1. Could you please find all residues in the stretch 164-180 being surrounded by fewer than 17 Cβ atoms within 10 Å (Cβ to Cβ) and without any contact (Cβ under 8 Å) to a residue 40 or more places away in the chain?
2. Evaluate the stretch 65-82: report whether one residue or more is surrounded by fewer than 23 Cβ atoms within 10 Å (Cβ to Cβ) and aromatic (F, W, Y).
3. Of everything in the stretch 181-207, what is surrounded by fewer than 16 Cβ atoms within 10 Å (Cβ to Cβ) and in contact (Cβ under 8 Å) with a residue 60 or more places away in the chain? Give them in sequence order.
4. Could you list, in sequence order, the residues of the stretch 176-206 that are touching a strand residue (DSSP E or B) at 6+ places or on another chain (Cβ under 6 Å) and of a type in the set (A, V, I, L, M, F, W, C)?
5. If the requirement is being among the polar types (S, T, N, Q) and touching an Asp or Glu at 6+ places or on another chain (Cβ under 8 Å), which of these qualifies: T69, T152?
6. Identify, please: which residue in the stretch 185-226 is among the polar types (S, T, N, Q) and under 16 Å from the mean Cα position of the chain (by Cα) and is, among those, farthest from Q61 (Cα to Cα)?
7. Going by what's in this entry, would K136 be described as surrounded by fewer than 20 Cβ atoms within 10 Å (Cβ to Cβ), touching a Leu at 6+ places or on another chain (Cβ under 9 Å) and touching a residue at least 24 places away in the same chain (Cβ under 8 Å)?
8. Out of (1) in contact (Cβ under 8 Å) with a residue 12 or more places away in the chain; (2) closer than 25 Å to L200 by Cα, the odd one out for Q61 is which?
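The values are calculated or read from the model by the stated rules, or taken from the named source; none is laboratory data. Fair warning: this is a prediction, and the values are worked out from it, not measured in the lab. Neighbour counts run over all protein chains shown; Cβ positions are idealised from the backbone, glycine included. Accessible surface is based on the protein model in full, side chains and every heavy atom, while ligands, DNA and RNA are left aside. Shrake-Rupley method; radii C 1.70, N 1.55, O 1.52, S 1.80 Å.
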Amino acid sequence: MLLVLLLSATLLLLARSRDFQLFGQLVSHLDTHEPVVALTFDDGPSEQFTPQVLAILARYQVKATFFVTGREASQHSAMAKAIVAAGHQLGNHSWSHPRLVFRSYAVITNEIERTDIAIRQAGYLGPIYFRPPYGKKLLLLPWYLKQHQRVTVTWNVEADADLGVDADTIAQQVVAQVKPGSIVLLHVMYASREASRAALPSIIEGLQAKGYRLVTMAEMLQDSQP
């Protein structure tokens, strides 16, 4: 029984880890002294809220990475195209946002490859990185990603995991926690995420005041190449 408990605890830690996976390349932050930060948004796109987010980013002339679900990118294709047209990066956050820890290889393949199609149909031509729903991965998902030479992107700064937190607290925590090479996760695509959207201008202003340059994940990883 103790062995089973220890094994279960180990698997849970592996599945939840932001910094490690059993196969392939995972990036939770960039080891650098350069003042660069990647703003990343999960879920969507949304007909109602994507234009608001794009307007804020345009106001401050910064680029971000949107990890979209394939289903929403397909349903709201005009919004996915608007993200690309504004010069931002699209990432793959699966088709329907399921936990992919104990799913079959066929399910994993379908979730990822259908979303890739939706992303390409939006006109995005750059590298498509993958972010696991809920950050969960264990065996088959990392194996699939390794076999297809895909990069897993997690994060090392998240201040809006609690839906009850207010905009000022979100912004203060992000600005305080960011270090050179940080990847910031925000959720801004649904009505329940008003605080995160409201925090976005203060986050950008706070990071820029500290000398940070906000870049896409592609820019961050390309800059790290020797």
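1. G164, V165, D166, D168, T169, Q172, A176, Q177
2. The answer is no, given that none of the residues of the stretch 65-82 is surrounded by fewer than 23 Cβ atoms within 10 Å (Cβ to Cβ) and aromatic (F, W, Y).
3. Y190, A191, P201, E205
4. V178, I183, V184, L185, L186, V188
5. Among T69, T152, only T69 is among the polar types (S, T, N, Q) and touching an Asp or Glu at 6+ places or on another chain (Cβ under 8 Å).
6. Here the answer is S196.
7. On the way: surrounded by fewer than 20 Cβ atoms within 10 Å (Cβ to Cβ): yes; touching a Leu at 6+ places or on another chain (Cβ under 9 Å): yes; touching a residue at least 24 places away in the same chain (Cβ under 8 Å): yes.
In short, yes.
8. The single condition Q61 does not satisfy is (1).
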